[in-house]
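Here the structure comes first, spelled out in structure tokens, and everything after it is commentary.
The values are calculated or read from the model by the stated rules, or taken from the named source; none is laboratory data. Everything numeric in this text was worked out from a predicted model, so none of it was measured. As a convention, Cβ positions derive from the backbone with ideal geometry for all residues, glycine included, and neighbour counts pool all protein chains shown. Protein only, heavy atoms only, side chains kept; ligands, DNA and RNA dropped before computing areas. Shrake-Rupley method; radii C 1.70, N 1.55, O 1.52, S 1.80 Å.
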Amino acid sequence: MANKEQIAVIGAGLMGHGIAQVFALAGHMVTVYDPSAEALATLRDRIRANLSDLGQDTKAADLVFPVEELGQCVASADVVFEAGPENLGFKQKLFEQLQLLAPEHAILASNTSVIPITQIMRGLRTGHRALGTHWWNPPYLVPLVEVIKTPDTDPALAQRMFDLLAAAGKTPAMVQKDVPGFIGNRLQHALWREAIALVADGVCDAQTVDTVVKASFGRRLPVLGPLENADLVGIELTRAIHETVLPAIDRTPGPSPYLQKLINEGKLGMKSGEGFRTWTAEQQADLRARVLTHLKAMNAAEGR
Ligand SMILES: NC(=O)c1ccc[n+]([C@@H]2O[C@H](COP(=O)([O-])OP(=O)(O)OC[C@H]3O[C@@H](n4cnc5c(N)ncnc54)[C@H](O)[C@@H]3O)[C@@H](O)[C@H]2O)c1
């Protein structure tokens, strides 16, 4: 296999254009398919705008080729990333097509947020080359990509994907079992469940939850993961803390009824101006800008 694999991306939306950008910047030729003419027409300009904002070489966008036909997009691909709508039926049908349209050696990857990869790839004749790659938004700023194996995935191909992502500057993580939420979203939503329970129980308001996280362990998280932290404080202390705290922590097996209450009240989050907290348009723009500035500063500090 040549050093620079040809990449195909299916879906030119938020995630697809960012994934294409990562590989183009790493010197790969990238073809992108989307049924939306507008998504294809704006693809290179969106990538150029991101690159320009980051002070990176905008010429990389010239390696990205919008393609109007699915078969043509993947005909010469070594690796295919699917970043289309989050819908099981859509993804199943797409991968059935891809296994016929892409070269036999091509790795086929889905960027689903939460759908088990095994469900998407069920029924594929060539399931050994299918896996999950879970990117985080924005894909060109957040380093992690989880590589998810199904029981059918050829471990050597999963490793090839891992190496490809690492060579493109990402921080890949191998997920050995195809569990719902993979690793990152399981951890993230375990925290969200307790955050919601604290508000629902009247322990504090939503703003206080966010302040506590951001001003305490959130500060250390970029350099101190939870299990490094457990080792740091010691396993006996960790066990002692868990004896007291874990029985009190929320164990609701499904979404909190508090979420349904907010939905019933029309409090849908930023898009309706209120969710857990109220949001003016200015506050929303300010928060989005702060997240981007923070991610860019972290990457700059790490020399990424
Ligand atoms: N947005 C996130 O933060 C995030 C993070 C991780 C994973 N994901 C997952 O990535 C995938 C894409 O999400 P997104 O946020 O980029 O969505 P998006 O809506 O921005 O983009 C989806 C794109 O798919 C295109 N599309 C529609 N029908 C299609 C078809 N038949 N074939 C190919 N493309 C088609 C749409 O035109 C659109 O451009 C989803 O599975 C999502 O769950 C999203």
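Taking every alpha-carbon pair under 8 Å whose residues sit at least 6 apart, region 161-304 reaches a relative contact order of 17 percent. Using heavy atoms of the protein chains and a probe of 1.4 Å, the accessible area assigned to Ile10 is about 10 Å². In this structure Leu237 has an accessible area near 90 Å², from a 1.4 Å probe over the protein heavy atoms. Within the chain, DSSP assigns beta bridges of which about 20% are antiparallel (rounded to the nearest 5).
Given 10 °C and 1.306 mPa s, how large is the Stokes-Einstein diffusion coefficient of region 83-123 in µm²/s, with Rh as the Kirkwood radius over Cα pairs?
On the way: Rh = 10.5 Å.
This corresponds to a translational diffusion coefficient of 151 µm²/s.
For Val79, the residues 5 or more places off, or on other chains, whose built amide H falls under 5 Å of its own are Gln6, Ala8, Ile107.
For region 67-122, GluC sites (Glu not before Pro) are listed when DSSP marks them as loop and at most 16 other Cβ atoms sit within 10 Å of their Cβ; the list is Glu68, Glu69, Glu86, Glu104.
According to the Cα gyration tensor, what semi-axes, each the square root of 5 times an eigenvalue, does the equivalent ellipsoid of region 5-161 have, listed from largest to smallest in whole Å? Walk me through the numbers on the way to the answer.
Numbers: eigenvalues 119, 51, 40 Å².
Over the Cα atoms of region 5-161, the ellipsoid semi-axes are 24, 16, 14 Å.
Shown for the chain are the DSSP H helices of 27 Å or more along their axis, judged by Cα atoms, with a mean Kyte-Doolittle hydropathy of at least -0.5: 281-301. For the residue pairs Lys4/Lys59; Lys267/Lys296; Lys91/Lys271; Lys170/Lys214; Lys149/Lys170, the alpha carbons lie more than 20 Å apart in Lys267/Lys296; Lys91/Lys271; Lys170/Lys214.
What is the Rg over Rh value, at two decimals, for region 60-130, using alpha-carbon atoms and the Kirkwood definition of Rh?
Details: Rg = 12.2 Å, Rh = 12.7 Å.
Checking Rg against Rh, the ratio lands at 0.96.
Per residue, the average separation of C-alpha pairs within less than 8 Å and at least 6 apart gives the chain a relative contact order of 12 percent. Toward the positive end of the charge dipole of the chain, about the Cα centre and with charges on Cβ (Lys, Arg +1; Asp, Glu -1), which of Ala195, Tyr140, Leu43 goes farthest? Checking the options against the dipole of the chain, the answer is Ala195. Entry comment: accessible area of the chain is 55 Å² per residue, from protein heavy atoms only and a probe of 1.4 Å. Shown for the chain: the carbon plus sulfur share of the solvent-accessible area, taken with all protein chains present and a 1.4 angstrom probe, equals 58%. Show log10 I(q)/I(0) for the chain at q = 0.16 Å⁻¹, two decimals, from a solvent-free Debye sum over equal Cα scatterers. So the normalised log intensities are -1.41.
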